[in-house]
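*Asks:* To start, I am sharing the structure in question, which I have written as structure tokens.
The values are calculated or read from the model by the stated rules, or taken from the named source; none is laboratory data. Note that this is a predicted model, so its numbers are computed, not measured. All Cβ positions, even for glycine, are placed from backbone atoms using ideal geometry, and neighbour counts span all protein chains on display. Heads up: the accessible areas ignore ligands, DNA and RNA and are worked out on the full protein's heavy atoms, side chains in. Shrake-Rupley method; radii C 1.70, N 1.55, O 1.52, S 1.80 Å.
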Amino acid sequence: QVQLVDTGGGLVQAGGSLRLSCAASESIFSMNSMGWYRQAPGNQRAWVATITNAGSTKYADSVQGRFTISRDNAKNTIYLQLNSLKPEDSAVYYCNAWVSGNRYWGQGTQVTVSS
């Protein structure tokens with residue numbers, strides 16, 4: 001059972017930055033893909049970004065050019081750098097990973113962007 005721990009959220013003004021971290025309980029080297037989703041109150045959980053074990057990245061249109069996903073295999077951690085934040089980026093952000101056909105989720109970390 002893979003455990004993922006999401007950290008790094010907080011309160012920031014519009015235009016500011018945050019870096020989210022997702023630490024895995026085991027090696028992420030062989031995990032096919034890992035990524036981030038977010039969920040705002042009253043909305044469904046929405047995909048934000050993905051990074052493969054080869055380092056390829058994809059982003060939702062709404063965050064392209066502002067957010068950057070990365071991974072550090074030595075630390076079993078992935079990151080999401082959030083820049084130029086907007087109030088509509090406010091949500092709980094969840095890390096996820098696919099391992100042997102199973103999907104695992106972090107507990108989420110709250111990001112609040114004030115205008």
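*Asks:* Could you give the nm distance between label points at Ser114 and Ser17, where each point is 7 Å from its Cα heading toward the beta carbon?
*Replies:* Modelled inter-label distance: 2.1 nm.
*Asks:* Against the 2.2 N^0.38 Å scaling, with N counting residues, where does segment 6-49 land? I'd like the Cα-based Rg ratio to two decimal places.
*Replies:* Against the compact-globule rule of thumb, the ratio is 1.43.
*Asks:* Next up: Using Cα pairs closer than 8 Å and at least 6 residues apart in sequence, work out the relative contact order for the chain, in percent.
*Replies:* 37
*Asks:* State the extension gain, in nm to one decimal, for the chain segment bounded by Asp72 and Ala46, taking 0.36 nm per residue of separation less the distance between their alpha-carbons.
*Replies:* 7.0 nm
*Asks:* Leaving out ligands, DNA and RNA but keeping every protein chain, what accessible area does Trp105 have, in Å² rounded to the nearest 10, with a 1.4 Å probe?
*Replies:* 90
*Asks:* Segment 1-28 to segment 63-95: how many Å between their Cα centroids?
*Replies:* Using only Cα atoms to place each centre, the spacing works out to 8 Å.
*Asks:* Can I ask one more? To the nearest 20 debye, what is the magnitude of the charge dipole of segment 38-92 about its Cα centre, counting +1 on the Cβ of each Lys and Arg and -1 on the Cβ of each Asp and Glu?
*Replies:* 100
*Asks:* Also, I was wondering about something else. Please find the FRET efficiency linking Val5 to Asp61, where r is the Cβ-Cβ separation and R0 is fixed at 35 Å, and quote it to the nearest 0.05.
*Replies:* Step by step, r from the Cβ atoms, then E = 0.80.
*Asks:* Oh, and also: If each of Ala54 and Phe29 carries a label point 7 Å out from its Cα toward its Cβ, how far apart are those two points in nm?
*Replies:* It works out to 1.9 nm between the two label points.
*Asks:* Quick query: amide H of Lys86 versus all other amide H atoms, modeled in the peptide plane; which residues come in under 5 Å with a sequence gap of 5 or more or a different chain?
*Replies:* Answer set, sorted by chain and number: Gly15.
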